[in-house]
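Report on the following structure.
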Amino acid sequence: MGKKVITYRGMLMGEVDAIQVDENNWTISEVDVELTNEMEKLFDVQSGRMSKTIVPLSVSMLGPIGPESITLKQEIENPKEYLEKATTERQRILHR
């Protein structure tokens with residue numbers, strides 16, 4: 001939690017907000033990343049002043065995991081695919 005997530009091209013994507021665990025085999029299936037303001041602009045997302053955009057990334061996209069950061073091992077070729085799964089913190093709370 002809180003680790004920086006770096007894109008394949010070296011840009012700061014955001015920070016790990018949460019992890020999703022597959023309870024059947026107790027493995028991590030997804031990592032939820034809170035996007036930086038710059039990445040929200042690149043992805044053409046507006047989260048609002050009091051919320052944040054969370055994008056789930058499959059563990060298969062993660063590359064090297066260091067003490068303070070995780071680097072993606074592949075480029076996000078279709079941001080729209082991830083935006084369809086993206087939520088804002090406010091929506092996440094309302095849907096629980």
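Checking the cross-link filter: which lysines have an alpha carbon closer than 16 Å to that of Lys80, excluding same-chain neighbours under 8 positions apart?
Leaving aside lysines fewer than 8 places away in the same chain, those within reach of Lys80 are Lys41.
Reachable aspartates and glutamates from Lys52, Cα under 19 Å, same-chain residues fewer than 8 places away excluded?
Glu15, Asp17, Glu30, Asp32, Glu34, Glu38, Glu40, Asp44, Glu81, Glu84, Glu89
If you take Rg/Rh (Cα atoms, Kirkwood Rh) from the coordinates, which of (i) 0.99; (ii) 1.24; (iii) 0.95 do you get?
Read-out taken from this structure: (iii).
Every read-out reported here was derived from the displayed coordinates using simple, explicitly stated rules and does not represent laboratory data. Just so it is clear, the model here is predicted, and its values are computed rather than measured.
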